[in-house]
Amino acid sequence: MLHPSSRTVLILLGLTAVSSAALTQCPPDQVDPQYQVNLSHTSADSLPSSAGSLEPLYNFAQTFLQSVQPYGLPLDVASRLLHNEAASSEVLSYEAGYVVCLILAILYVVIIPVGGAVLAWQYFLSRNVTEASEPPSSLPWYQKNVTVITCLSVTVILLLSGVILTFTTNNRMHQNMEPNLSHIRANLGDIQEALSSVPRKVQFIVDQFSYFYQEMTTELTGTGALIGNAILSSLHHDLAMTFRRQDITVQDATGAQRHLQEVMELRRNMQDTYGFLQTELEQMQSRLNNLNISLNTANLDTDANYNLIPSVNAEVQGLGFVPELQAKVQQAKTSIKSIPEVCEDQITPKIKAWLVKLNQTQDGFKNYSKRLPSLSSLSDTISDMRASLDEFKADLQYYDYVRWSVSAIFCILLLIVSLLMLAGLVIGASVVISPTLYPFHLQDQLRLTAVYLLYISIGMMLVFSWLFIIMVFINLLIGGNAHALVCRSISTGEIFQYMDKQDYLFISLDAQDPDVSSTQSPTASTTKGTTALFPNVTNGTSYQVTDHQWKPNISSSKIMEGCATGISLFYTMKIDKIFNMDQFLNASIFLTGFSNSMMSLNINLNDILLKLLNTQATVQQFKYSSYLDQIKYNDFRVLLATPVVKTDLDTFAGELEIAAQSANDTIREKLISEAANARQLATKVRLQDSYRLNMSSSINALENISKNYKTNADNTLLSMSETENALQLEVPHIVQDVSGCMMEKGENLLTQYLDVVRYVIIDQALSCLWLPPSLDNLYTATCRNLIGPWNGFWLSLGWCCAFLIPGVVFSIFAARLWKPSLATNKEPFHMPKAIIDKSTQDKYLTMDYMTGKRKGEDTMKNNCLVYWTLDDVMKDSNKDFKGKEEKGVTNT
């Protein structure tokens with residue numbers, strides 16, 4: 001089992017094992033709202049880099065790593081290393097730069113303690129040697145101190161800067177570990193979801209076929225009624241003319257029948273009334289003649305002989321078919337108006353049969369969609385990486401905590417060393433540069449303090465420097481290889497060449513989906529070497545596709561280039577070479593049966609035409625069997641123009657009443673009775689006269705009908721014939737036009753759906769617009785936020801280790817320079833042998849000057865004072881102070 005650190009490197013290396021690309025095609029210009037689905041994987045939010053002001057430090061670390069490991073990723077070695085087949089010599093060849101760094105680290109680890117031991121030996125040896133007086137140096141004291149202070153100050157500043165950077169990068173990496181591991185896991189999850197969801201997205205859009213089926217059903221429902229209405233609309237003028245002329249002929253027939261029946265009824269009434277009046281008037285005339293009155297009864301008789309009215313029974317019987325004519329005309333109208341229902345009844349079964357076959361074809365369509373190569377191998381790889389990350393996340397966090405803790409201790413040690421060196425520098429420099437700031441007796445104590453601080457810092461540097469350099473090398477080895485294997489290989493694109501050699505990444509692209517063979521449509525057939533897509537259920541033909549025999553040569557770099565420029569995975573992964581999208585979305589599979597069904601549509605209107613023929617026969621019967629034009633209307637008119645009686649019976653009754661006034665009683669009663677009878681007969685005459693007028697009106701109406709009924713009948717027959725011809729000639733064209741329109745609409749609907757399927761599969765389900773942000777986030781989380789601070793840490797720590805050497809050197813110089821000497825050394829306290837106070841003319845002589853010269857003249861003079869120097873005090877510190885007083889010398 002791999003060590004967690006090695007496993008971490010492999011996890012980071014595997015983050016780039018998923019390469020995909022983006023979409024290019026535009027969506028269809030017009031998409032039905034129900035097809036407007038968005039199956040594109042949303043891009044992840046950009047992850048900010050935590051480098052900030054440390055970016056130059058990270059860049060410098062990368063530059064250094066470039067010099068340490070200038071060669072690219074050894075693809076063959078890396079591949080064999082993953083399979084534990086790589087030789088150690090190959091690994092060492094690639095890690096040659098780190099071998100050199102290891103040698104330098106060993107030299108550092110060896111030289112620094114050895115050098116420290118030599119310095120310590122010299123220091124303790126020098127303490128046993130008696131210090132001799134040293135002559136004053138030719139170099140002024142202030143020039144030595146300025147040089148040492150300047151160099152040591154620069155070294156301390158650089159050390160403190162390195163310590164600050166070390167603290168910062170160490171904490172930065174520790175703080176970034178938890179959130180960035182979570183970001184890495186989340187982005188891996190997004191990538192896995194995007195890859196594994198491709199079959200679901202394809203299945204979803206394929207299931208949208210049901211919406212297309214429903215829309216086609218909606219559009220095709222009512223096709224028959226549409227054709228019927230188109231027929232009525234096309235023949236609207238002819239049908240309106242036919243209906244109007246039929247109504248005129250029916251009006252002529254019904255009017256003639258009605259008037260003939262009225263004439264026949266009036267003839268019978270008039271003849272009955274005529275006989276009654278004739279009889280009554282003859283009897284009245286006979287009775288009045290027997291009374292021998294003077295009234296003239298010769299005109300007491302009927303005038304018109306209504307028995308001469310011709311009979312119209314034959315004509316009435318000849319029009320007995322009029323109700324049948326009315327019924328047939330109404331049937332013809334109803335049948336013509338019912339053409340939409342007739343067309344719907346005839347076409348609906350054909351449409352339903354095609355829709356059933358279309359629904360059956362959907363099964364094959366779904367099954368063939370499962371042949372689309374999946375990205376399961378990529379998804380499984382990402383899933384394994386995510387599982388490994390989850391498995392070792394706690395270990396990574398624990399080891400990061402341990403690394404942070406140890407690094408924090410080292411940083412504290414470096415900080416202590418730097419602060420000790422800084423404190424010694426500040427104390428020593430302040431005493432040397434400005435001695436007047438401190439009392440005279442404290443200056444040597446401060447010098448000693450500064451020296452001891454520098455010695456302690458030197459000792460700590462010598463003791464812990466080998467730990468520092470080991471820490472530097474370990475972090476350099478891990479962080480540098482992580483940067484080279486992951487970050488730099490991504491930046492240079494070498495990782496893609498490595499991925500191209502890993503067959504397992506794209507193995508799912510050149511293998512048949514196992515679910516397809518087990519879920520073949522019942523209508524699909526299989527032959528040797530080929531697998532039927534799905535048959536055209538309309539005509540039984542099948543479309544064939546070749547099984548996957550071609551292994552795609554996929555270039556990960558081209559996939560990434562395509563992803564950057566917006567090209568779909570369908571093309572960058574060469575899925576188009578494996579899956580025939582044009583075959584899958586072949587509209588002819590669906591439209592051939594539909595076209596055959598629509599082209600074979602026809603409308604049978606024989607029943608309607610038969611009813612029109614029957615109506616025509618009845619109209620012809622009316623034309624040739626009514627004989628209205630053979631009636632002698634003038635004879636009727638002459639006969640009806642004659643008055644009913646020759647005398648006015650009301651006037652005659654008045655004359656009888658006048659005659660009765662002058663007659664005797666017997667005759668008077670008879671005359672009054674006859675006058676009443678005459679008035680009753682006058683009522684009958686008036687009734688007969690109304691009969692005469694009504695008959696005259698009917699005869700006039702019949703005469704008017706007889707003038708035009710044949711012409712109207714001919715017009716009706718002509719219109720019906722034209723309508724019949726129009727139905728026979730125009731209906732096929734109308735059916736063809738409407739079916740062609742429906743075919744075009746169905747083709748547009750299908751084309752629109754298939755375009756959406758193509759767009760969604762290629763440009764949404766297989767798009768990878770989400771991938772660049774996800775990989776950028778992975779790169780940011782891994783390289784910038786984890787590996788960057790890691791490399792920044794060892795660089796900062798190495799910086800400190802590098803400046804520990806000049807720190808030791810300059811600290812030793814400063815300590816030797818500032819250390820108070822126990823030997824006599826007049827150089828720091830050199831004063832003139834004699835100082836004359838001009839104000840008092842007193843002369844001050846040193847004790848050293850007076851040694852051996854006590855009997856000289858200078859000592860014998862008045863106003864001569866002797867003072868002791870610090871060296872005099874130190875030489876005679878064990879002697880009695882009073883024994884040093886010279887005779888004849890005055891002390892003040």
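The values are calculated or read from the model by the stated rules, or taken from the named source; none is laboratory data. Since the structure is predicted, the reported quantities are computational estimates derived from the model, not experimental observations. Cβ placement follows ideal geometry from the backbone for every residue including glycine, while neighbour counts extend to all protein chains displayed. Just so you know, the surface numbers come from the protein's heavy atoms only, side chains and all, with ligands and any DNA or RNA stripped out. Shrake-Rupley method; radii C 1.70, N 1.55, O 1.52, S 1.80 Å.
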Worksheet item: Can you find a residue in the range 267-274 that is aliphatic (A, V, I, L, M), more than 28 Å from the chain's Cα centre (by Cα), surrounded by 15 or more Cβ atoms within 10 Å (Cβ to Cβ) and not in a helix (DSSP H, G or I)?
Response: no
Worksheet item: Has the range 382-399 got any residue that is closer than 30 Å to residue 186 by Cα, more than 30 Å from the chain's Cα centre (by Cα) and of a type in the set (S, T, N, Q)?
Response: yes
Discussion item. Test of understanding: among 419, 415, which residue is at pLDDT 90 or above, in a helix (DSSP H, G or I) and open to solvent by 60 Å² or more (accessible area, probe 1.4 Å)?
Written reply: 419
Worksheet item: How many of the residues making up the range 626-645 are more than 30 Å from residue 257 (Cβ to Cβ), open to solvent by 40 Å² or more (accessible area, probe 1.4 Å) and either at pLDDT below 85 or in contact with a helix residue (DSSP H, G or I) (Cβ under 6 Å, 6 or more places away or on another chain) (or both)?
Response: 0
Fill in: Single residue of the range 308-359 satisfying the filter (surrounded by fewer than 15 Cβ atoms within 10 Å (Cβ to Cβ) and β-branched (Val, Ile, Thr)) that is farthest from residue 607 (Cα to Cα)
356
Worksheet item: Restricting the first residue to the range 438-454 and requiring it to be within 23 Å of residue 418 (Cα to Cα), which pairs with a second residue that is open to solvent by 40 Å² or more (accessible area, probe 1.4 Å) and not in a helix (DSSP H, G or I) meet a Cβ separation below 6 Å and a spacing of at least six or different chains?
Response: 451/819
Worksheet item: Identify, please: which residue in the range 559-576 is under 18 Å from the mean Cα position of the chain (by Cα) and within 14 Å of residue 761 (Cα to Cα) and is, among those, most open to solvent (accessible area, probe 1.4 Å)?
Response: 567
Fill in: Search result, residues across the range 651-672 that are of a type in the set (Gly, Ala, Ser) and open to solvent by 70 Å² or more (accessible area, probe 1.4 Å)
662
Fill in: Counted residues, the range 279-307 - those being open to solvent by 70 Å² or more (accessible area, probe 1.4 Å), in contact (Cβ under 8 Å) with a residue 60 or more places away in the chain and outside any helix (DSSP H, G or I)
2
Discussion item. Within the range 594-699, considering only helices (runs of 4 or more DSSP H) that don't extend past its boundaries, which have at least 3 residues that are more than 29 Å from residue 284 (Cβ to Cβ)?
Written reply: 606-625, 633-641
Discussion item. Quick test of your reading of the structure: residue 753 fulfils all but one of (1) modelled with pLDDT of 85 or more; (2) over 22 Å from residue 221 (Cβ atoms); (3) crowded, with 23+ Cβ neighbours inside 10 Å. Name the failing condition by number.
Written reply: (2)
Item to complete: Please state which of the following conditions residue 391 fails to meet, knowing it meets all the rest: (1) closer than 30 Å to residue 771 by Cβ; (2) modelled with pLDDT of 85 or more; (3) buried (at least 19 other Cβ atoms within 10 Å of the Cβ).
Response: (3)
Fill in: Of all residues in the range 713-750 being loosely packed, with under 15 Cβ neighbours inside 10 Å and small (Gly, Ala, Ser), the one that is nearest to residue 343 (Cα to Cα)
740
Response to the item:
Of the listed residues (694, 785), the one being at pLDDT 85 or above and open to solvent by 50 Å² or more (accessible area, probe 1.4 Å) is 694
Worksheet, complete the sentence: Expected single match for small (Gly, Ala, Ser), modelled with pLDDT under 85 and under 30 Å from residue 371 (Cα atoms) among 132, 194 is 194
